[in-house]
Amino acid sequence: MTEAIIMEIIHQRLGERTQEFLIPPPVFTSMQGEFLAFDQERGILTTRFPVLESFLNPYGSMQGGMVAAAVDNTLGPLSMLVAPPNVTRRLEMKYSLPVTPDLEFIRVKARLLKREGRWLYFAANVHDQAGEILARAKAKHWILEDDLDRDARGNL
């Protein structure tokens, strides 16, 4: 599924409110993120981010905060694809292997685990090209109150 299709789904979900949001977010664009696939039925979004020299820490690997930003830049669009507008309340990262420049890019595969009222629960894995897991993440998002009311009325 192309970026244009994913952006169209987000715009359809937001409707008249599209102008209230920066879609795609400037940070996604500046990190050179790319949408690879979206499975709407299963609530899974896959993205790819290059490992740029400007993302490296003093050890020569991608800074953990940049890996977390790639995850957050996948969870954010996914959250807008599967629910009313919401915000990240908690993002937990567990790093397993360094992300080195020889990898060229990382893939982030995120999925919605469940929705309980205004809470959304997500998980994500960061992979290299061979599919090896470099980091794992868990996130908890909060649906904004006005948006929950609109969603209950079927307006979003």
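Values as computed for the structure displayed
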{"item": "Complete set of residues in the range 112-126 that are among the aromatic types (Phe, Trp, Tyr) and within 13 Å of the chain's Cα centre (by Cα)", "result": "Tyr121, Phe122"}
{"item": "Residue within the range 49-68 that is closer than 21 Å to Ile143 by Cβ and surrounded by 14 or more Cβ atoms within 10 Å (Cβ to Cβ) present", "result": "no"}
{"item": "The range 28-40 - residue that is exposed (fewer than 14 other Cβ atoms within 10 Å of the Cβ) and of a type outside the set (Gly, Ala, Ser) and, of those, modelled with the highest pLDDT", "result": "Gln32"}
{"item": "Subset tally (residues that are farther than 17 Å from Leu75 by Cβ and charged (D, E, K, R)) for the range 1-29", "result": "4"}
{"item": "Unmet criterion (only one of (1) modelled with pLDDT of 95 or more; (2) surrounded by fewer than 13 Cβ atoms within 10 Å (Cβ to Cβ); (3) aliphatic (A, V, I, L, M)) for Leu22", "result": "(1)"}
{"item": "Elements of type strands (runs of 3 or more DSSP E) contained in the range 16-124, each with 1 or more residues being in contact with a Phe, Trp or Tyr (Cβ under 7 Å, 6 or more places away or on another chain)", "result": "44-50, 86-95, 105-116"}
{"item": "Residues that are within 13 Å of the chain's Cα centre (by Cα) and free of Cβ contacts under 8 Å to residues at least 40 places away in the same chain, drawn from the range 83-102", "result": "none"}
{"item": "Some residue of the range 89-106 being aromatic (Phe, Trp, Tyr), closer than 17 Å to Ile133 by Cα, surrounded by 20 or more Cβ atoms within 10 Å (Cβ to Cβ) and out of contact with any Leu (no Cβ under 9 Å at 6 or more places or on another chain)", "result": "no"}
{"item": "Subset tally (residues that are over 15 Å from Met80 (Cα atoms), surrounded by 20 or more Cβ atoms within 10 Å (Cβ to Cβ) and in contact with a His (Cβ under 8 Å, 6 or more places away or on another chain)) for the range 110-134", "result": "1"}
{"item": "Test: residue in the range 68-81 that is farther than 14 Å from Ala123 by Cα and among the acidic types (Asp, Glu)", "result": "no"}
{"item": "Complete set of residues in the range 1-19 that are of a type in the set (A, V, I, L, M, F, W, C) and surrounded by 12 or more Cβ atoms within 10 Å (Cβ to Cβ)", "result": "Met1, Ile6, Met7, Ile9, Ile10, Leu14"}
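One line per residue, one yes/no per condition, for (1) under 19 Å from Ala135 (Cα atoms); (2) under 14 Å from the mean Cα position of the chain (by Cα):
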| residue | (1), (2) |
| --- | --- |
| Glu8 | no, no |
| His11 | no, no |
| Arg17 | no, no |
| Leu22 | no, no |
| Arg42 | no, no |
| Leu45 | yes, yes |
| Phe49 | yes, yes |
| Ser61 | yes, no |
| Thr74 | yes, yes |
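The values are calculated or read from the model by the stated rules, or taken from the named source; none is laboratory data. Small disclaimer: the values here were computed from a predicted structure and weren't measured. Here Cβ is always computed from backbone atoms with ideal geometry, including for glycine, and neighbour counts include all displayed protein chains.
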